[in-house]
Structures are given as structure tokens and as C-alpha cells.
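Visitor: Right, I'll just put the structure down here and ask away after.
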Amino acid sequence: MSLNLQLKNVETFGFKCFYNALSLHAFTLPFHPHTSFSFPSRPHTHTRFRPPTTVFSAVKAEQPLVPPVRMVAVVGHGTASPLKSVSWEQVMLHTAKRLKWVDEGYELVVFTDECIVSSGQMFTRLQKELQNADIMVIVAVTNKESVEWINNSSKTIKNVICLDSSSDLKNRLGGYDVPSEVRGSIFGNFFGTSQSDKAKESYEVVQTISEAWDRHNSDDIRFCLLLVINAYIRPVPVLNNLRAKGFSTLNCMLRNCGRQVLNCLLDANCRKALQCLNRCSPVDQVCNYRCIASYESANLEAFSLCVLQKNNCLELEAEVPDQPYVPPLIKFRGQDLNYEMAEDLFVGWLGSLQWSWRVVAGQNPAYDQFPCQYQLFYRGKAKGSFWYEPVFQVKTLEGQMVWRRRKYRVRRGKVPGTFYFSVLDNGVVSNEFWTIVDVADDLSWGLFHYHGAARVAGQSYTGAVLVSPDGTFPSDRQRTKIVAALDKCEIKEWELYNVDNCSCIDPPLGIPEGSSLHTTVQIQDPKQMPV
């Protein structure tokens, strides 16, 4: 699968909090740069988990009813976003739907500033929505008339976030205006000493939002709104790991994992990983992942295995999401999909080629930056066993290109075409629920969706990967079917990130001796595939 299913457990907000705690109290040892080296692979344990629907339906049933969070977005009419130039209106409308996956009570209504100028029915509706708005989001608004109206009409709204808009529009959080460039002692003069602490907190929120927004992807756009809700309306459970746990984390580490902590601090790579992570924003998954991928070591794995997986020193919990619901493929080549056939579709081209599939594009920006993603699916020697091994490249912080490889145990789901994946990756277990969404009859492309969570790292995630035999996009005549498959996943084309499949030299492929491949699906010679 895509790198969405690799190492996401180690670049979580929770892990970030842990490294901050350690760096504050233990970074008195000398720090020496060291070239990174590959982490030795090792067998992983398999942790069983319940289907996501069962887990979440039980949790939701116990939650008391709370009033909805009402948000209003005003975007510049006809403005193009950085997400493959799709309009900001489309991006924010899709964001409104994605917010519902987190909480049905998050309501986002989207308007363009054209309604302000035209003063029609939509303008009347906008005025009505603003009367009850908890949060106003302004995106790419520069029209002077619109700016003036927004400034006059948003005075009673306690939380206003302005993004890519006129400098005459100001951020407001918790009822206080937050100038984008106010720093240090200026806070005391600007807000008054009694309010300076709250003002500083609001400034930090604005800065975090700005950093996330500038990463230009749908995940971070949604995160920006969740961050405001979490800070000023009510706690957002999925952001629980942004809230510090105090000294209990450090006490737990030293009481239960003293040897692993010491070994990490005495290991140049492990120590460098901590230092690197401490420089990353807790919400920048790309930065966090590159730190881990650059400085993997046996000591780092033992360290996280003890602190997180065995002792849960961060006191975090994350469940496998159940939204969006994605229906699995029902028929393949005119026949009802069964378990053997579904496994064969995962095995794909392995046998005819040295790999099952190559990833063309994926939805998660934190992982799809990494080039040369190969998928290896195969049946193990033990009866009923099935395995998945992704092979991919990482550019380390020293500029080296290195290969990484992981190993997932795969179990059949309750319905053919669904599967449970589990991996122990750098000391932390990730559990995932996969769905085969669609595969072309000639295996020229496939789309796989997943929900997942690294429980003790406090991280849950969803995504999908588009795959093909050689890593190139399928032909244009397949586009309609691919778009339909993406729609089943509630994913837009403009959310996909292309994988760089150039310069993939000497990938460490191959599967264990005694493994087996297809049982029912016949695979044609790739040289005979139609162009």
C-alpha cells in the first residue's frame, strides 16, 4: 500500500509530545551529527481488533447530545486554490463533508463573496447564518466591497480566521483580534497585561493554522478548522494528543523504560531523531516522518516499543475510524467476489512481474511525497496466512536516497474484499481496515481504501491508493471508472498526490521462499496488455 500505511504511527502528535518531554529534561548530552542507516527488519506481532463500525457505534451511543458547532465560510468568487487549481468553493464544500466524518455536529456552510455584491437570496441567507455562527472562515477574499462588509458584519463573531485574503481583514480568536505579526512584549501593550497570555495562545493558534494551511492539502485544511473548534469551542477528541499530559509522561518513561531511554540518548541516530522531531511542528507529518525515516535504529524502536506500545506513557487512545463507509467490489470479471479471488487481486502482477502493484497516486500528503512505492502481496507458508510488504524510497535529511521495507499481517474481513492489516513498525502497532474498491478486469489499475489507527500514538487516519502494474496513470478511457471508484471513497481527483516513479534503481524486492501467489485469477503477460 501507499506510505499512508507505513510509519504513520511514529509521526503523531502524541509521539511529538513525548519527544518534547524528553528533550526538555534529558538533552544535556553532547549532540553529534551522524549518517543515518537502515533499520533492521524484524518480525511483528499481530494485534486483533474489532471492526471499526462495532467500535465506534458503541462509543457514539454513550456520548451525550451537544449543540452543533456552526461555521460559515466566505470564499472569493471564482478564486482558484493551490490544489490542482480547483476552486476554493469546491474545496470548502468538500471540507464541509469531511468534517462530518469527525463529528456530525460540525456544520460548515459555504458562500462566495459574489452574494455580498449581488445582495440576493444567498446574501440574505449569509446574514442569517452569521447570526448564529461560532466560527467564520474567510478564504481568498480581496474585493474591497466584500472586505468592508465582512469587517462590519463579523464584529459580534468571536472566532474569525482569514486566509489568503486582504490584509484589511483581521483574525479574531476567543473574542480578541490577533494581528498576524504581533510577537513578544508587544502583546502586553496591544492587549493589556491581563490578557497577554490568552493573546499569545491565540497567536500560536494562528501561526499553527498558517503553517498547516500553507501545506495545501485537504487533510490540513480540515485540521485548521478542527484546531479552532478544539481551542475555542469544545475539545475535539481526535486532537486529544495536542493537550499536554504534564510530567506524568516523563515519570512513566523513566520508571518503566530507563534502560531504553538511556540507550537512545547514547545512540547518535536515536538522539538525533529526538532532536529532529523537536524542531518539527507537531502537525507537520511530513517533517516528523522524515526525522524517523532518516534516523531509524534498533534503539529507537526499542525506545518507542517500551514507552508507547508496552506502557502507553502518553496515555493516548485512537480508534480505527468508521467514516467514510466504502463499499467493497462485488464482482470481478462477471463473477461474485470471494475471499480467494480478493486475495488474488491484491497479489496482482506478482509472478509475471517482481511486484504485485506500484502506487500511482495516493490521498495522504504525508506519505505520497515518497518515491518508488512497490507493493508485495503473497500467501505465506502457514495455512491461511497472507502478507503485505511495501517497499519504498525515502530521501533522508542528509540528502541520501534509501530504501525502506515493512511487513504487515493480513486477515480476511467479514465480507469478501475487506481485510484487517496489522504491523509493528518502529515499536508501535498500527491496525488497519482495507477495502478493495475496484480493480479493472485486465488488472490495468486498482483502487484500495483504508482506515487505520496507531492506538497508543493517538493517531487515526484514512486514505486510498491508486495502483497500476508499472506506476503510470491508467489510460484516459479508464478515467470515468476511476472517478466513480474515488467517489465511493468520498475522494476527489484533486486530492490525489502523484508518486514519483522515476529513478527506482535496485529496489529490495523478493518474497520468502515457500510463499505462494494466485489461486483462481489468471494473470496475462504484461507485454500483451493493450496500450
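The values are calculated or read from the model by the stated rules, or taken from the named source; none is laboratory data. Just so it is clear, the structure is predicted and the values come from calculations on it, not from any experiment. No Cβ is skipped: glycine too gets one built from the backbone with ideal geometry, and neighbour counts run over all protein chains shown. The accessibility values were calculated without ligands, DNA or RNA, using every heavy atom of the protein model including side chains. Shrake-Rupley method; radii C 1.70, N 1.55, O 1.52, S 1.80 Å.
Visitor: Residues in segment 206-220 near a label at Val86, defined as backbone nitrogen under 18 Å from the 7 Å Cα→Cβ point?
Guide: Residues 213-220 qualify, since their backbone N sits under 18 Å from the label point.
Visitor: Using the Cα gyration tensor of segment 311-354, with a ≥ b ≥ c the square roots of its eigenvalues, what is the shape: rounded (a/c below 1.5), prolate (a/b larger than b/c) or oblate (neither)? Intermediate values should be presented prior to the final figure.
Guide: Working: a/c = 4.20, a/b = 1.85, b/c = 2.27.
Oblate is the answer for segment 311-354, as a/c is 1.5 or above yet b/c matches or exceeds a/b.
Visitor: Provide the solvent-accessible area of Asp220, counting protein heavy atoms only and rolling a 1.4 Å probe, rounded to the nearest 10 Å².
Guide: Counting only protein heavy atoms, the figure is 20 Å².
Visitor: Between Asn251 and Arg279, what is the label-point separation in nm under the 7 Å Cα-to-beta-carbon projection?
Guide: Here the answer is 3.3 nm between the modelled labels.
Visitor: To continue, here is another question. Given the whole protein assembly as supplied and a 1.4 Å probe, what does the accessible area of Asp164 come to in Å², nearest 10?
Guide: 90 Å²
Visitor: Let a ≥ b ≥ c be the square roots of the eigenvalues of the Cα gyration tensor of segment 351-437; is it rounded (a/c under 1.5), or, if not, prolate (a/b larger than b/c) or oblate? Write out the running numbers ahead of the final one.
Guide: Working: a/c = 1.71, a/b = 1.62, b/c = 1.05.
Cα axes put segment 351-437 in the prolate bin.
Visitor: A further question follows. Let's test the formula: R0 of 35 Å, r as the Cβ-Cβ distance of Glu148 and Lys100. What FRET efficiency results, to the nearest 0.05?
Guide: Working: r = 33 Å, r/R0 = 0.94.
Taking R0 as 35 Å, the efficiency between Glu148 and Lys100 is 0.60.
Visitor: How much FRET efficiency would the formula 1/(1 + (r/R0)^6) give for Ser385 and Ser444, where r is the Cβ-Cβ distance and R0 is 35 Å, rounded to 0.05? Numbers along the way, then the final one.
Guide: On the way: r = 29 Å, r/R0 = 0.82.
E(calc), rounded to 0.05, equals 0.75.
Visitor: Percent of accessible area on segment 336-461 owned by carbon and sulfur, 1.4 Å probe? Can you show the working numbers first?
Guide: Working: 1590 of 3260 Å².
The C+S portion of the solvent-accessible surface of segment 336-461 is 49 percent.
Visitor: Round to a whole angstrom and tell me the spacing of the C-alpha centers of segment 371-400 and segment 420-489.
Guide: 14 Å
Visitor: Follow-up question, since we're still on this one. Given the pairs Lys128/Lys158; Lys128/Lys198; Lys144/Lys198; Lys97/Lys200; Lys84/Lys158, which are separated by over 24 angstrom at their Cα positions?
Guide: Working: Lys128/Lys158 16 Å; Lys128/Lys198 30 Å; Lys144/Lys198 31 Å; Lys97/Lys200 32 Å; Lys84/Lys158 33 Å.
Pairs exceeding 24 Å: Lys128/Lys198; Lys144/Lys198; Lys97/Lys200; Lys84/Lys158.
Visitor: Convert each backbone phi in segment 79-88 into a coupling constant with the Karplus relation 6.51 cos²θ - 1.76 cosθ + 1.60 (shift: θ = phi - 60°), then list the ³J(HN,Hα) values in order as whole Hz, x for Gly and Pro.
Guide: Along segment 79-88, the couplings run 6, 9, 8, x, 7, 6, 6, 5, 5, 4 Hz.
Visitor: Another question, if that's okay. Just subtract the alpha-carbon distance of Ser210 and Ala298 from 0.36 nm times their residue separation and send over the number in nm, one decimal.
Guide: Values: separation 88, 0.36 × 88 = 31.68 nm, distance 3.59 nm.
Full extension from Ser210 to Ala298 adds 28.1 nm.
Visitor: Next up: Answer rounded, prolate or oblate for segment 388-531, using the Cα gyration tensor with square roots of eigenvalues a ≥ b ≥ c: rounded when a/c is under 1.5, else prolate when a/b is larger than b/c, else oblate.
Guide: On the way: a/c = 1.30, a/b = 1.18, b/c = 1.10.
Here segment 388-531 falls in the rounded category.
Visitor: Which number gives the lysine pairs in segment 321-469 that have C-alpha atoms under 21 Å apart and are eight or more places apart or on different chains? Intermediate values should be presented prior to the final figure.
Guide: Values: Lys331/Lys414; Lys381/Lys407; Lys383/Lys407; Lys383/Lys414; Lys395/Lys407.
So the count of such lysine pairs works out to 5.
Visitor: Right, next: Given a Förster distance of 30 angstrom, what is the FRET efficiency for Asp177 paired with Ser119, based on the Cβ-Cβ distance and rounded to 0.05? Let's see the in-between values first.
Guide: Details: r = 27 Å, r/R0 = 0.91.
The computed FRET efficiency comes out at 0.65.
Visitor: Quick check: Cα centre of segment 103-156 to Cα centre of segment 292-348, how many Å?
Guide: Here the answer is 41 Å between Cα centres.
Visitor: Could you give the length gained by full extension between Arg333 and Lys395, i.e. 0.36 nm per residue of separation minus their alpha carbon distance, to one decimal place? Show your work: numbers first, answer last.
Guide: Working: separation 62, 0.36 × 62 = 22.32 nm, distance 4.00 nm.
My answer for the length gained is 18.3 nm.
Visitor: Using protein chains only and a probe of 1.4 angstrom, how many square angstrom of Trp88 are accessible, to the nearest 10?
Guide: Accessible area, nearest 10 Å²: 10 Å².
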